[in-house]
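Report on one structure; see the data block that follows.
The values are calculated or read from the model by the stated rules, or taken from the named source; none is laboratory data. Here the structure is a predicted model, which is why all the values come from computation and not from measurement. When we count neighbours, we look across all protein chains shown, and the Cβ atoms used for this are built from the backbone with ideal geometry, even at glycine. Each accessible area value is taken on the protein alone, full model and side chains, heavy atoms only, with ligands, DNA and RNA left out. Shrake-Rupley method; radii C 1.70, N 1.55, O 1.52, S 1.80 Å.
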Amino acid sequence: MAKIRGTSRQISAARGDEEVDLLLKGGEIFSTTTKEWIRQDLAIKDGIIVGWGNRPALQEIDVTGCKLTPGFIDAHMHIESTKLWADEFVKVVLPRGTTAIAADPHELANVFGVPGVVELARATSELPFTFGICASSCVPASQYESPGATIGAQEIAALLEMDSVIGVAEVMNYPGVINADPEVLAKIAVAGATRVDGHAPGVRGTQLDAYLSAGVESDHECSDLAEAHEKRQKGMWIFLRQGSASQNISDLAPSIIDHGTSRAALCSDDREPTLLLAQGHMNDCLRVAVSAGITVEDALVMATLNPADYHGLHHLGSLGPGHQADVVVFRSLESFEPEVVLQRGVVVARNGEIVEGTVQPSTPPSWMMDSVHLKRSIESSDFDLGAPVDQAMRVIGVTERTLVTKSMTRTPSSCAPGSLARLSVIERHRATGRIGLGLVEGFGLRRGALASTVAHDAHNLMVVGGMESEADLEDMALAANTLASVGGGQVVCHNGKVLALVALPIAGLMSTKSAQETAHDLEAALAAASSLGVTLEDPFMQLSFLGLSVIPELRLTDLGLIDVTNFTTTELLVGSSPQ
């Protein structure tokens, strides 16, 4: 979207010939272009900033001693990962200063296809918030996943015709890009003049050259400083991420400290409701960035001007005249907790609370509530690995706070109790009956089972269970069948009982409850998981990514184990050839 073209009324108010609607008096305005703080009044007319300095006004708000910044923009995120429907999400993040996001709804798209994206656009259209929607390119993420729908170049082109769609979402099939797969390249080509987001963990050297030559422009998957530096050297945009599972801002901060903010922005990617409520959203990303040594001014640029420039949201990201009046007022920048938030010139939040009546309820349609379709009831025998435990097997190695896994070799009978767990992926969209089986290390799960229909990106039903007794297999079956009966979610089971349940009936991904209720349910599930020996800080977030076949090194889908490094299927037993 271009910078706003002012009306004659707004121009008259800018000259001082007509009253402005609102004057914020006595504050310090942050200039995102010069990184200066300017002590000036801020004048707003019809939701637009029309000037700096004193003017006649219908209303004045005294902000003396306060810092004024543009509203924060999340450069890349998936609203589905918050587990909140659009209205609840806005209620949580607006009081924390976020007024816009670049959203890739490929979770909904993997379940429902284009209708899921269209419905999200409809649900967000009347909210006091800017939802820039990116047309999902990874439905499925690769040929090794089984989603509920597919989106090709033709569907992406149709989505780009929608007013709220701002570009092509992350191209996750980086092997397809690098090897010039015609279908993948066609999805990039239809972007035209809009941006093409990337997803290229660990891609460097000539492979990065090929990826960039195809037209991909950004990456949020850097976890290594040298990798991020090479990508920035070659002109790629880098989004420093602070999510629930992957937290890279501190590791990548030296790139900003040494080389400035050019082609860099902040993003959250995937953030649980518990983290949103406890720590915040983009304001938390800013806190982390500053604590890592990035200046306040540089951090603010990466949360305002830079994401606006990258995504073509040129009416945002600045408090200069002619920009949308999304303003965040801080008494102090030490905590990045806003005192007042305005969106389009209207006060929408005060002291961390949404103004009553600001966000109208938005209800998803009934067809989004029926998305878990199993061929039959799951039985404990479905999780039998079919191999003796004294043989060497491939194991997915999980590490805290990163989505990258390790491909390991373990002999289960030689491992300490609780070091390994069973892992399963059950196809849940088309009732095919396919079940992928594997092993995972790093959960600490000693008994019982966890299951989730949040499983990036195809969102099939994932189950992780203990290996100590037959009862663990029965708990795995109970967990899977429980989620099928409630339309999806996340669950913890032990000794034949459901210990905790997070019901997510909207596409098996999102809750119909409030943010506080959803977070409470998730906290109960995390506590239940911990009681079973789980040592990961956020096991459900980690579990949800174990089926994503485009992040190295080893993954599991309903089609079996995926060697992401070589981008091929592989076998559980070491030494076996893929069938």
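Calculate what fraction, in whole %, of the accessible area of the chain sits on carbon and sulfur atoms when a 1.4 Å probe is rolled over the protein chains.
Carbon with sulfur: 48 percent of the solvent-accessible area.
Just to confirm the filter: which GluC sites (Glu not before Pro) across region 316-391 are DSSP coil and have at most 13 other Cβ within 10 angstrom of their Cβ?
Working: sites: E334, E339, E353, E356, E379; in loops: E334, E339, E356, E379.
Sparse-neighbourhood loop GluC sites (Glu not before Pro): E334, E356.
Among S268, L439, P70, which residue has its Cα furthest toward the positive end of the charge dipole of the chain, with +1 on Lys/Arg Cβ and -1 on Asp/Glu Cβ?
The residue sitting farthest along the positive end of the dipole is P70.
Which value, in debye to the nearest 20, describes the size of the charge dipole of the chain about its Cα centre when Lys and Arg Cβ atoms bear +1, Asp and Glu Cβ atoms bear -1, and nothing else is charged? Don't jump to the answer; show the numbers that get you there.
Values: 42 positive and 71 negative charges, 92 e Å.
Value, rounded to 20: 440 debye.
With every protein chain left in place, what is the accessible area of S125 in Å² (1.4 Å probe, nearest 10)?
Its heavy atoms expose roughly 70 Å² to the probe.
For the chain, what is the accessible area per residue in Å², given a 1.4 Å probe and the full set of protein chains? Spell out each step's value before the answer.
Details: 20120 Å² over 579 residues.
Dividing the accessible area of the chain by its residue count gives 35 Å².
For region 146-297, what is the relative contact order in percent, using Cα pairs closer than 8 Å and at least 6 residues apart in sequence? Don't jump to the answer; show the numbers that get you there.
Details: 210 pairs, mean separation 24.4, N = 152.
Taking the mean separation of contacting Cα pairs over the length of region 146-297, I get 16 percent.
In straight Cα distance, which aspartates and glutamates are under 18 Å from K67, not counting same-chain residues fewer than 8 positions off?
E28, E36, D41, D284, E297, D298, D326, E334, E337, E339
How do 34-43, 64-73 rank on mean C-beta neighbours within 10 Å, highest first? Don't jump to the answer; show the numbers that get you there.
Working: 34-43: 16.9, 64-73: 22.7.
Final packing ranking: 64-73, 34-43.
Write down the percent of antiparallel bridges among all DSSP beta bridges whose residues are both part of the chain, to the nearest 5. Please report the intermediate quantities before stating the final value.
Details: 66 of 96 bridges.
Beta bridges within the chain, antiparallel portion: roughly 70 percent.
Ignoring everything except DSSP H segments at least 4 long, calculate the 222 nm mean residue ellipticity for the chain; use -39,500 (n - 2.57) per segment, divide by total residues, nearest 500. Intermediate values should be presented prior to the final figure.
Values: 17 runs with 153 residues, N = 579.
The helix contribution divided over the chain gives -7500 deg cm²/dmol.
Order H76, H520 by their accessible area, 1.4 angstrom probe, all chains in place, largest first.
Solvent-accessible surface, decreasing: H520, H76.
What are the lysines whose alpha-carbon lies under 22 Å from the alpha-carbon of K3, with same-chain residues fewer than 8 places away excluded?
K35, K45
Pairs K187/K234; K91/K497; K187/K513; K83/K187: which exceed 26 Å Cα-Cα? Each step should come with its number before you reach the end.
Numbers: K187/K234 23 Å; K91/K497 34 Å; K187/K513 36 Å; K83/K187 28 Å.
From the list (K187/K234; K91/K497; K187/K513; K83/K187), the Cα-Cα distance tops 26 Å for K91/K497; K187/K513; K83/K187.
What ranking of K375, K45 comes out by heavy-atom accessible area, probe 1.4 Å, highest first? Don't skip to the answer; put the middle values down first.
Values: K375 140, K45 10 Å².
Sorted by accessible area, descending: K375, K45.
Work out the charge dipole of the chain with +1 on the Cβ of Lys and Arg and -1 on the Cβ of Asp and Glu about the Cα centre, then indicate which of V329, T557, V111 is farthest towards its positive end.
The listed residue farthest towards the positive side: V329.
Based on the mean of other beta carbon atoms within 10 Å per residue, what is the order of 320-327, 479-486, most packed first? Don't jump to the answer; show the numbers that get you there.
Numbers: 320-327: 23.4, 479-486: 21.5.
Highest-to-lowest ranking by the protection proxy: 320-327, 479-486.
What residue among L501, A455, S318 has its Cα farthest toward the positive end of the dipole of the chain, where the charges are +1 on Lys, Arg and -1 on Asp, Glu, each on the Cβ?
After comparing all options, I get S318.
Provide C415, C493 ordered by accessible surface of protein heavy atoms (probe 1.4 Å), highest first. Could the numbers behind the result be given before it?
Numbers: C415 35, C493 0 Å².
Sorted by accessible area, descending: C415, C493.
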